[in-house]
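Written below as structure tokens is the structure these notes are about.
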Amino acid sequence: MTTTLTKVQQFLDSGDSDGAREEVAKISVNFKKVDATVRDFATLLVLGSQQVVEIGLGVLGRELLKTNIEEINNDVIWLFLASILSRHNINSDSPLRISIIGLISCVKNWELPIFAILSPAIDSFLMESLYEDNPLISEQTVDFISTWGENYAKAPRTRKQIKQFESLIQLVLDKVDDLDIKDEWTEGVETFLRIAGQKQYNQYSDQRIWSDASNLLKKIYSPEILNSEQGANYYQVKDNIHRLITSCLAALGTVFSHDGLSVAVRIDNPQENKSWSVVAHAVDKLERLFQAVADETFKKITTLPTFTPAQAIPGSWTIILHIDLNTNQSYLLANAIKSLSSAEYVENEINAFIVDSWQDCVAQLKENELQVNLAVSTNNPELYFVNSISTEDIPKVEESVRQNIRVFSHDIPQADNLDRILDFASLLIQYPSSPSIVRQKFLDIDGISERQFFYYLRAVEILGLANERQEPTASCYILHRLQNEAKKRFLAYQFISSNVGSAWFNWQNANDLSDIQPESATQFLLEVCPSLAEETAKRRAKTLKSWLNIFLQYW
């Protein structure tokens, strides 16, 4: 079956824009309920090229003008708005922005949960339009806020967002020459700012804001719809909108928590047979990702506060989490996580360790067949609403690729002293349920710094002596019962079983530990962990050489 999207693009590819416009007009959108025509149009808005979207919104705008606004179904307008906002790539000077503002104007009540949740994305869109040098776009944006501001002001937002609006709108008003229009706009803007400010003292309280949009999306794209002939396109539309919702949820976490870092996590399992224990395990992995990124980002090593569940959404694996950090830490951590979006990978040379930590986390999540969308938000206007990142941004490793030896930097130890590793393992046995006591006791050892603590913590994990919750494993208990020389021999076996040890064993094509050459450590790391710079690889290789030389003494 040839879809409308395919037909429209074929017309455009042949230079026939009139034919494309006629094909779009054939859809004849039903504004009274969500049906096949509405879903087809949403597909154009999400998956079409910018030219397709321009034609689509042009046709849609003309049809809306002919329709009584009272007859327009809220679900239809919501789907169209969510579809266009999920694109994240609307140029600041695109005439599309004026058409989108027209669509936004169709929302009758911004206090409805399905629209209130979109307000962070709408705010971000409008602010970008206000920044625009093109007066047609920036002034149309001010006109919307002035005309519809009394309604739009009722959506939840932070005080900083309101101040940002005030500042940007004033910059536009200062350039308006027509004093009558300027006075009219100023009056409407003042109403918007006054009501938005009052809402700060009368906080948005409808708890359905956390779930109604996801529930509506699930209804619109039911399993029956996703299994239809256009199911592949519908699935992609649904996924894009889900990612938009995740970003909005993170921003709303900031609205209601104010300070610190807000994190929204959506966990999908195509098999739909995973228990909450697996989901909790996934959250643990994400918590460790954040800690690894913080270790690399902050100037001083800081143990992050644990994730605090701020909101769990009934009927889904979507959780809003909060990390109690100061303003600077929130900014640094959110900026680092934001840089992991697929677009940022291409545009920026970001810290290789952070990228590697994320790829490692994704690999572990995919082992459990989990798909995860993750978004962050802070009170900083730059990081209030940001695109989500997804495990689906990183392709699953094919079997043919798996044959190539690959090690993540996260799996390469940096703790040289094996005796200190044994000390750490002993503390784990003594305090199996108290990571904070283990940490303090280990830091009390002479010469151990905060950074070294994390190196040794990671080392015991690499050797399979501690799990991700910093609890002793069965191997750790076995190690504890052995005598001195046997302990080192046991660690050698644990090393061969580790990701880095088995990779080195295979890379060397060894049949025995004694076949591995300590001097090959640097070349091994450069080949199997390309994210490491040469100097970093040399430093990491010293630890591997140190370990191997000791293991060989007891082998």
inquiry  = Testing PHE505 on (1) at pLDDT below 95; (2) under 22 Å from ARG458 (Cα atoms); (3) touching a Leu at 6+ places or on another chain (Cβ under 7 Å); (4) among the aromatic types (Phe, Trp, Tyr), one condition comes back false. Which one is that?
reply    = (3)
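Yes/no matrix, rows are residues, columns are (1) within 17 Å of the chain's Cα centre (by Cα); (2) at pLDDT 85 or above; (3) farther than 24 Å from LYS238 by Cβ; (4) open to solvent by 10 Å² or more (accessible area, probe 1.4 Å):
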{"position": "CYS248", "(1), (2), (3), (4)": "yes, yes, no, no"}
{"position": "ILE267", "(1), (2), (3), (4)": "yes, yes, no, no"}
{"position": "GLN271", "(1), (2), (3), (4)": "no, no, no, yes"}
{"position": "SER277", "(1), (2), (3), (4)": "no, no, yes, yes"}
{"position": "HIS281", "(1), (2), (3), (4)": "no, no, yes, yes"}
{"position": "ARG288", "(1), (2), (3), (4)": "yes, no, yes, yes"}
{"position": "GLN291", "(1), (2), (3), (4)": "yes, no, yes, yes"}
{"position": "GLU296", "(1), (2), (3), (4)": "no, no, yes, yes"}
task = Taking ARG469 as the residue in question, decide whether it is part of a loop (DSSP other than H, G, I, E, B) and within 30 Å of SER433 (Cα to Cα).
result = yes
query = What helices (runs of 4 or more DSSP H) completely inside the stretch 1-76 contain at least 2 residues that are hydroxyl-bearing (Ser, Thr, Tyr)?
reply = 4-13, 36-47
message = Can you pull out every residue in the stretch 537-547 that is of a type outside the set (Gly, Ala, Ser) and open to solvent by less than 90 Å² (accessible area, probe 1.4 Å)?
response = LYS538, ARG540, THR543, LEU544, LYS545, TRP547
inquiry  = Can you list residue pairs whose Cβ atoms sit under 7 Å apart, with the first residue in the stretch 214-239 being exposed (fewer than 14 other Cβ atoms within 10 Å of the Cβ) and the second being modelled with pLDDT under 90? Count only pairs 6 or more apart in sequence or on different chains.
reply    = GLU229/MET1
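For TYR493, state whether it is more than 30 Å from the chain's Cα centre (by Cα) and in a helix (DSSP H, G or I). Working first, answer last.
On the way: more than 30 Å from the chain's Cα centre (by Cα): yes; in a helix (DSSP H, G or I): yes.
Against the criterion (more than 30 Å from the chain's Cα centre (by Cα) and in a helix (DSSP H, G or I)), TYR493 qualifies.
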inquiry  = Taking the conditions exactly as written (open to solvent by 40 Å² or more (accessible area, probe 1.4 Å) and touching a residue at least 40 places away in the same chain (Cβ under 8 Å)), does ASN68 satisfy them or not?
reply    = no
query = Residues in the stretch 160-192 that are out of contact with any helix residue (DSSP H, G or I) (no Cβ under 8 Å at 6 or more places or on another chain) and either within 29 Å of LEU249 (Cβ to Cβ) or open to solvent by less than 40 Å² (accessible area, probe 1.4 Å) (or both): how many?
reply = 2
remark   = With the first residue restricted to the stretch 31-42 and required to be in contact (Cβ under 8 Å) with a residue 40 or more places away in the chain and on the phi > 0 side of the Ramachandran plot, and the second required to be open to solvent by 30 Å² or more (accessible area, probe 1.4 Å) and polar (S, T, N, Q), Cβ contacts under 6 Å at 6 or more apart or on different chains are none
ask   = Applying the selection to the stretch 91-118, what residues are within 16 Å of ALA42 (Cα to Cα) and among the β-branched types (Val, Ile, Thr)?
value = ILE100, ILE104
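Residues are listed down the side, and each one gets a yes or a no for (1) at pLDDT below 85; (2) over 20 Å from GLU296 (Cβ atoms); (3) among the polar types (S, T, N, Q):
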{"residue": "TRP317", "(1), (2), (3)": "yes, yes, no"}
{"residue": "LEU321", "(1), (2), (3)": "no, yes, no"}
{"residue": "ASN326", "(1), (2), (3)": "no, no, yes"}
{"residue": "GLN329", "(1), (2), (3)": "no, no, yes"}
{"residue": "ASN351", "(1), (2), (3)": "yes, no, yes"}
{"residue": "GLN359", "(1), (2), (3)": "yes, no, yes"}
{"residue": "ASN368", "(1), (2), (3)": "yes, yes, yes"}
{"residue": "VAL372", "(1), (2), (3)": "no, yes, no"}
{"residue": "THR378", "(1), (2), (3)": "no, no, yes"}
query = Out of the residues in the stretch 508-536 that are modelled with pLDDT of 90 or more and small (Gly, Ala, Ser), which is most open to solvent (accessible area, probe 1.4 Å)?
reply = SER514
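Can you go through ARG157, ARG208 and tell me which one is farther than 20 Å from ILE104 by Cβ, at pLDDT below 95 and surrounded by 13 or more Cβ atoms within 10 Å (Cβ to Cβ)?
Details: ARG157 fails: farther than 20 Å from ILE104 by Cβ.
Exactly one of ARG157, ARG208 is farther than 20 Å from ILE104 by Cβ, at pLDDT below 95 and surrounded by 13 or more Cβ atoms within 10 Å (Cβ to Cβ), namely ARG208.
Okay, residues lined up against (1) in contact with a Gly (Cβ under 7 Å, 6 or more places away or on another chain); (2) touching a residue at least 40 places away in the same chain (Cβ under 8 Å); (3) of a type outside the set (A, V, I, L, M, F, W, C); (4) surrounded by fewer than 16 Cβ atoms within 10 Å (Cβ to Cβ):
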site: LEU12; (1), (2), (3), (4): no, yes, no, no
site: GLU23; (1), (2), (3), (4): no, no, yes, no
site: VAL76; (1), (2), (3), (4): no, yes, no, no
site: ILE84; (1), (2), (3), (4): no, no, no, no
site: ASN89; (1), (2), (3), (4): no, no, yes, yes
site: LEU103; (1), (2), (3), (4): no, yes, no, no
site: LYS108; (1), (2), (3), (4): no, yes, yes, yes
request  = Pull up the stretch 423-475, narrow it to residues that are open to solvent by 60 Å² or more (accessible area, probe 1.4 Å) and of a type in the set (Gly, Ala, Ser), then point me to the one that is farthest from the chain's Cα centre (by Cα).
outcome  = GLY447
query = Pairs under 7 Å by beta carbon, first residue of a type in the set (Val, Ile, Thr) in the stretch 482-507, partner surrounded by fewer than 16 Cβ atoms within 10 Å (Cβ to Cβ) and part of a helix (DSSP H, G or I), six or more apart or different chains?
reply = ILE496/SER502
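The values are calculated or read from the model by the stated rules, or taken from the named source; none is laboratory data. A quick note: this is a predicted structure, and the numbers were derived from the prediction, not measured. Every residue, glycine as well, gets a Cβ built from its backbone with ideal geometry; the counts of neighbours run over all protein chains shown. What goes into the accessible areas is simple: the full protein's heavy atoms, side chains included, and nothing from ligands, DNA or RNA. Shrake-Rupley method; radii C 1.70, N 1.55, O 1.52, S 1.80 Å.
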